[in-house]
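Contents: one structure, followed by commentary.
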Amino acid sequence: MISANLSAIFYLVSGVLFILALRGLSSPETSRQGNFFGILGMIIAVTVTFLSVGNFSTGLIYVLLFILIGGSIGAFIAYKIPMTAMPELVAGFHSLVGLAAVFVAISAFLNPEAFNLGSQGNIKLGSLIEMSIGAAVGAITFSGSIIAFLKLQGIMSGSPITFRGQHPLNAVILISILVLIYYLCSTQSSNLFWILLAVSFLIGFLLIIPIGGADMPVVISMLNSYSGWAAAGIGFTLENTALIITGALVGSSGAILSYIMCKGMNRSFFNVILGGFGATNETSATKKEQRPVKSGNADDAAFLMKNASSVIIVPGYGMAVAQAQHALREMVDTLKKNDIKVSYAIHPVAGRMPGHMNVLLAEANVPYDEVFELEEINNDFANADVAFVIGANDVTNPVAKTDPQSPIYGMPVLDVEKCKSVLFVKRSLSPGYAGIDNDLFYKENTLMLFADAKKMTEDITKNL
Amino acid sequence: MISANLSAIFYLVSGVLFILALRGLSSPETSRQGNFFGILGMIIAVTVTFLSVGNFSTGLIYVLLFILIGGSIGAFIAYKIPMTAMPELVAGFHSLVGLAAVFVAISAFLNPEAFNLGSQGNIKLGSLIEMSIGAAVGAITFSGSIIAFLKLQGIMSGSPITFRGQHPLNAVILISILVLIYYLCSTQSSNLFWILLAVSFLIGFLLIIPIGGADMPVVISMLNSYSGWAAAGIGFTLENTALIITGALVGSSGAILSYIMCKGMNRSFFNVILGGFGATNETSATKKEQRPVKSGNADDAAFLMKNASSVIIVPGYGMAVAQAQHALREMVDTLKKNDIKVSYAIHPVAGRMPGHMNVLLAEANVPYDEVFELEEINNDFANADVAFVIGANDVTNPVAKTDPQSPIYGMPVLDVEKCKSVLFVKRSLSPGYAGIDNDLFYKENTLMLFADAKKMTEDITKNL
Amino acid sequence: MEIDPLIFRLSIFILSIFVGYYVVWSVTPSLHTPLMSVTNAISSVIIVGAIIAGLSGNSENVFNTSSIFGFVAIALAAINIFGGFLVTQRMLAMYKKKKKGK
Amino acid sequence: MEIDPLIFRLSIFILSIFVGYYVVWSVTPSLHTPLMSVTNAISSVIIVGAIIAGLSGNSENVFNTSSIFGFVAIALAAINIFGGFLVTQRMLAMYKKKKKGK
Ligand SMILES: NC(=O)c1ccc[n+]([C@@H]2O[C@H](COP(=O)([O-])OP(=O)(O)OC[C@H]3O[C@@H](n4cnc5c(N)ncnc54)[C@H](OP(=O)(O)O)[C@@H]3O)[C@@H](O)[C@H]2O)c1
Ligand SMILES: NC(=O)c1ccc[n+]([C@@H]2O[C@H](COP(=O)([O-])OP(=O)(O)OC[C@H]3O[C@@H](n4cnc5c(N)ncnc54)[C@H](OP(=O)(O)O)[C@@H]3O)[C@@H](O)[C@H]2O)c1
C-alpha cells in the first residue's frame, strides 16, 4: 500500500499524460505518440489504484478477470468495426461510460466506508451531493447515448418522436431531479437514490427521442461533454486528481465539438436540443418543381475529367453511405497518372460527425496533405476545371449564401459552382440532411451522375 | 479577518483573472478588457491580503502610504515614457520585481512567524528551500535587469564585456550558490543567507555583461521568465495560489518570447546567453569591398512612389531610433490620397523587442488591419511596385536564404528584392544588428536614400 | 489556517477546464473523430472508482452488493478503455503523409 | 490519508504552466510588447507577500527590520503594478482599426 501523497502525485502524472494525449492530436504526426501517452496515463492510474487500496485479497483476481473480459470485448469491437460505423461506436461507448459512472456511484452509496466517505446512511454531505449529481448525469448519458446509438444504427427510426406537452414534461422531470437530489441529501434515504436513478434514465431517454437521427452527432458530443462532467463529479467524490482533470478535459472537448458542429450548420445549440429538426422540413422538400437537369453517365464524366488540368473532390455523407472511399482513391490515382492535379475539399460538417470524411479518406490511404479544409481551398474552385461532388449536397448549396429564409442561411459552403463544370454523384434529386433543394442541380455547368457513389466511381475509373 | 478558505478562493479568482488578462491579448479588440481583468485581479489579491492579515494597526497606514508612493512613481513613469523607450522600461521594471522578491524573502527569513513558516532559526525546511531559491532567482533578476537597463539606455556601453576564464568563473559561482543553499537549509544561519544574496547579485551582473547590447531583448525576456519562477517560488512559500498561477504564467510567457526571438534570429538560446555576439562580427563588417551603389534623394523617391500602384513599407530598428513613425504615417496618408495601396510588413524580430514596430505604428495611429506579419505579406512583394525599407536592414537581407556560412542563415526574411524597386532609408552603408553586409544595397533595382529616417520621410512627403 | 482540500480540487478543476479549452481548440479538424474516441477512452479512467469498489470486499466475502456493481463497472470501463484506445490507434495509423518516393 | 497541500500546489503550478503555454502562444505577435509589460505588472502580485511583511509589526512597534523590508518591497511592487498596467493601457489604447468613415 502506497501513501496518499505518492498516489496523489501519480494521479497528477496520469492527468498530465491525458493532457498530452489530446495535445498530440494537434497534428497527425504527433497523434500516435499522443495516444501512447494516453495509454500510459491509464496504466499508471490503474496501477496506482491497486497499490493504494493495497487489499490484495481474492478480489484482485476478479478485478483482473473483469478487466480481461471487458478488455477483450473492447479490443474485439475496435478491430472489427468498419470506419463508416464510427458515429454509432462513439455513441455506444458513451453509454458505457455513463453506466460505469452510475455503477461506481451506486457502489459508493452502498459502501461509503470503502471510499472513505463516511458510513452508510451517514455519508458526508459534500460527497453525497457530488455523488448524486455524478449518478444523475451518468444515467442521462447512458440512456441518451443508447437512443443515439439505436437511431444511428437504424434500429430505431431516425425521425424525431414528438408529442404534445413534451417540453413541459421534460422541464417538470428535470426540476423533480433537483428536488430528489435535495431530499436525498437531507434524508440519506436509499429509496430516493434509486428513484433518482430511475428518473434520470427516463429523462435521458425523453430528451433524445425528439431529436432527429441526423442531429445525433451534436447529441453525441453533448453527451460526451456530460460524461466528462459526470466523471469530474465522481472525481470530487473520490478526491481523485486524475478524474477531475480528465473530466474537465472531456467536458470541454464535447462542448467545443458540439459548438463547432452547430456553427458549421449555422444553427443554435438550443435549436438542435429542442428537437424536431428534419420533421418540419419534409414539406418544403416535397413541393419542389420539376425543373430540367442535365444528367450523364460514367463515360461523360470520365471525358470531362480526362480533359481537365485540375480536379477538386468534394466528398459528403453519401460517400460514407456507399463506402466509396477506396474506389474514389483509385479513381484519383488514375487521374494523377494522367497528370491531373487533384485535391480534396472537406467542409467542416461534411458527413455526419466532425472529421468524418478525413477518417474515411485516411482509411483509403489518401495522404492528408492532399486534403484541405474549407478556408484553405475555397478560393481554388475558381481556377479548377472540375468539381467532383461525391455524395455531398448541403455543404455545396449556394442557397446558404443567397436566401436569408433558408434554414442553412449563413452556413459557410464550398463554392463548387465557380468551377468550369460540376459533377454531382448521387442517386436521385432528393435533398440531403437539411431537407432543402439544391439549385446547383439545375445549373448550366452541372452534370448529374445518378448512381450509387461507389459504383459510379468504379465505372468512371474504367472509362478513364 | 476572513477565513483561510475564503481567501484561498479569492486568490484563485485573481489567478483566473490574470489568465484572462493574458487571454485578452489574443486580439487588439479584447486586449483592453483583458487589461481590466488584470487590474481587477490585482485589486482582489491586495484586498484579500489585507482582510486575511486582519491586523489593522498603524501598520496599515504605512502600507497604504507606500503603495501610494510607489503607485505615483509608477503612474508618472507610465505617462511620461516615450514609446520608443519600451525596452528600457521593461528592463527597469523587471529589476524592481526581482528586488521586491528579494525583500519579501528577507522579511520572511527575518520574521517567519508573520508568514506562518515556523520561528527564526527554525524555519520549516520546505519553506526555507523555496524561500532561498526565490531570493536567489530574484537577486539574479535584479542585477541582470539593471545591467540590461543600463546597456539599453546607453549609460553603459552596449559592447560585450568579455575576459578570459569568464565562463568557468560563472560556473563556479553558480555551483557555489547551490552549495550555499544546501548549507543554509541545514544550518539556518542568517550569515549564509546574506552571502547567498550577495553572490546571487554578483552572478546576475556577471552573466549579463558579456552579452551585447543588442541581445538585451532576449535577456529581458529570459529575466522576465526568471522573475515569474521567482514569484512562483515565493508563492509556494506563502502558500498563495494567486502567486503560483501568476508565476507560472509569467514564467511561460518570458520563456516563449525568448524562444520566439531566438527562432526569429535563427540563433540558439545558448548562443545568445553565452554572449560575445556583436564583438566577433565586427571584423567581417570592416572587410566589405567598395561596390557601387545607386543613391538618390527625396525627390527621386517621391517620383517613384507617385507612379506606383502599390507600396509596401518595411520598418525596422532605424525607424525607432529616428522616431520616424509619425512622419511615416503622414507620408502614407499622402500616398493613399493619391490612390496608392499601402501596407506595412512587420518581420517578427524587426526592431529590438517583440512587437516593437507594432507599438510604434499604433502610436502613430496606423490602423492595425493595414499591418501584416511576415507570412501574411511575403508573397505580395512580387506584385508590389515599391518596397520602402525604413531603418530596417537584417530583416531584408537575402544572405539568410543563400549563404549557409552567414550567421543569419535560415532566418526567415522579407523578400523585398522581388518588388520592382526597393528604397532603403538609412544613414550610411553600415550594417545592422547582425553586423553583416547587405547585398541588396548594390542591386540594380535598389535606390539608397542616405539620411535620418524622420528627416527623409518628411522630405518625401513634401515632394509628393 | 488549514485550507480545505476541496478548494484545491476546485482550483485544479478550473485550471483543467482552461487547459481543456486550449488543447481541444488546437486539435486539427481532420482529427476530430479520433478526438471523440480518445476522450471516450480517457473518460473511462472512472475505472479507478470501480476498482476501489471491486476490492472493497474481504477475502472471505469477495462479492457483496457494492463490489458486484464495482465489478460490472470495471468490465464496462475496460470495454471503453481498450476499445477506445485501440480504435483511435487504428484510425491514427491511417493518417499518412504523401510518400516521398511518388 | 490526508494529502499534503504541497501536492495540490504542485498540481496547480503544473496546470498553470500548461495554461500559460497556450495562452501566451495565442497572443497575437503585434501585441508582444504589451504582453511584456502586462506580465511585468501581474508578476508584482508578489506585493501580497510584502503586505504581510509590512503588517507584521504591532501597534507600538510598526517598524522592525522585517517590516521595513516589507514596506520597501511594497513601494517597489506598487511602482510596477501602477506603471505596468498603465503603460499597457496606454499602448493598447493606440491599437485601432481603420475608421469605417475613411
Ligand atoms: N459532420 C457533422 O459533424 C454533422 C453533424 C450534424 C449534422 N451534419 C449535417 O450533415 C450534412 C452534411 O452534408 P453533406 O453534404 O455531407 O451530406 P448531405 O447534405 O446530407 O447529402 C448527402 C447526399 O448523399 C447522397 N447519397 C446518400 N447515399 C448515397 C449513395 N449510396 N451514393 C451516392 N449518393 C448518396 C444523398 O442523395 P441521394 O439520396 O439522392 O443519393 C444526399 O443528398 C449537413 O447538412 C450538416 O449540417 C453534419
Ligand atoms: N525584435 C526583436 O525582438 C529583436 C530582439 C533581438 C535582436 N533583434 C535583431 O535586431 C535586428 C532587427 O532588424 P532590423 O532590420 O529591424 O534592424 P537592423 O538590421 O539592426 O538595422 C537597422 C538599420 O537602421 C539604420 N538606422 C539606425 N538609425 C537610423 C536613423 N536614425 N535613421 C535611419 N536609419 C537608421 C541603421 O543603418 P545606418 O546606421 O546606416 O543608419 C541600421 O542598418 C535583427 O537582426 C534581429 O535579429 C531583434
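Each reported figure results from applying straightforward, stated rules to the coordinates on display, with no laboratory input. Everything numeric in this text was worked out from a predicted model, so none of it was measured. FYI the Cβ positions are ideal-geometry reconstructions off the backbone, even for glycines, and counts take in every protein chain you see.
Odds and ends about this structure:
- Going from the fewest other Cβ atoms within 10 Å to the most, the residues B:Leu150, B:Leu178, B:Leu328 appear in the order B:Leu178, B:Leu150, B:Leu328.
- Look at the alpha carbon pairs under 8 Å that are at least 6 residues apart: their mean separation over the length of chain B gives a relative contact order of 13 percent.
- Residue and distance (whole Å) for the chain B Cβ nearest the axis that superposes B on A: B:Asn379, 7
- Calculated label separations, B:His326, copies of the chain, 7 Å along the beta-carbon direction, nm: 7.3
- Each of A:Leu223, A:Leu174, A:Ile81 was scored by the projection of its Cα onto the charge dipole of chain A, and the greatest displacement toward the positive side belongs to A:Leu174; charges sit on the C-beta of Lys, Arg, Asp and Glu.
- The separation of the stretch A:208-236 from the stretch B:23-65, counted between C-alpha centres, amounts to 39 Å.
- With a threshold of 26 Å on the Cα-Cα distance, the over-threshold entries among B:Lys420/B:Lys462; A:Lys341/A:Lys462; A:Lys337/A:Lys401; B:Lys151/B:Lys443; A:Lys80/A:Lys336; A:Lys341/A:Lys401 are A:Lys337/A:Lys401; B:Lys151/B:Lys443; A:Lys80/A:Lys336; A:Lys341/A:Lys401.
- Anisotropy class of the protein assembly as shown from Cα gyration tensor, a/c 1.5 cut: oblate
- Compared with the alpha-carbon gap, the fully stretched path from A:Asn445 to A:Cys185 is longer by 86.9 nm at 0.36 nm per residue.
- Helix-only mean residue ellipticity at 222 nm for chain A, each DSSP H run of n ≥ 4 adding -39500 (n - 2.57), per residue, nearest 500: -19500 deg cm²/dmol
- In chain B, the alpha-carbon atoms span a convex hull of 147 Å³ per residue.
- Under the span-like rule (Cα at least 24 Å along the axis, Kyte-Doolittle mean at least 1.6), DSSP H helices of chain B: B:4-24, B:59-80, B:86-110, B:190-208
- Given chain A, longest segment not containing exposed loop GluC sites (Glu not before Pro) (DSSP; at most 13 other Cβ within 10 Å): A:1-288
- Residue among A:Ile244, A:Ser14, A:Asn271 farthest towards the positive dipole end of chain A, charges placed on Cβ: A:Asn271
- Placing +1 on each Lys and Arg Cβ and -1 on each Asp and Glu Cβ, with no other charges, gives the protein assembly as shown a dipole about its Cα centre of roughly 1320 debye.
- The same position A:Leu40 in the other copies lies at 3.9 nm from this copy, comparing label points 7 Å beyond Cα toward the beta-carbon, shortest first.
- Using 0.36 nm per residue and subtracting the Cα-Cα separation, the extra length available between A:Asp299 and A:Asn5 on full extension is 98.7 nm.
- Considering only beta bridges that DSSP places wholly inside chain A, some 10 percent are antiparallel.
- Taking every alpha-carbon pair under 8 Å whose residues sit at least 6 apart, the stretch A:1-134 reaches a relative contact order of 17 percent.
- An oblate overall shape is assigned to the stretch A:46-150, the ratio a/c of its alpha-carbon gyration tensor axes (a ≥ b ≥ c) being 1.5 or greater and a/b not exceeding b/c.
- Paramagnetic label zone (point 7 Å from Cα along Cα-to-C-beta, B:Val321; backbone N under 16 Å) in the stretch B:426-449: B:426-438, B:449
- For the stretch D:31-85, the relative contact order comes to 47 percent (Cα pairs under 8 Å, sequence separation of at least 6).
- Taking label points 7 Å from Cα along the Cα-to-Cβ direction, A:Ser119 and A:Ser159 give a separation of 5.9 nm.
- Spin-label model, C:Phe63 to B:Arg32: label points 7 Å out along the Cα-to-beta-carbon direction sit 7.0 nm apart.
- Chain B, dipole about Cα centre (Lys/Arg Cβ +1, Asp/Glu Cβ -1), debye to the nearest 20: 520 debye
- The alpha carbon gyration tensor of the stretch A:131-250 gives principal lengths a ≥ b ≥ c with a/c of 1.5 or higher and a/b no greater than b/c, which makes the shape oblate.
- Taken about its Cα centre, the stretch B:371-437 carries a charge dipole of about 300 debye when Lys and Arg each add +1 at the Cβ and Asp and Glu each add -1 at the Cβ.
- Annotation for B:Phe270 and A:Ser176: the two label points, set 7 Å from Cα along the Cα-Cβ direction, are 7.0 nm apart.
- In a fully extended conformation the segment linking A:Leu65 and A:Gln405 would gain 116.5 nm over its present Cα-Cα distance, using 0.36 nm per residue.
- The stretch C:36-73 and the stretch B:241-274 have Cα centres lying 44 Å from one another.
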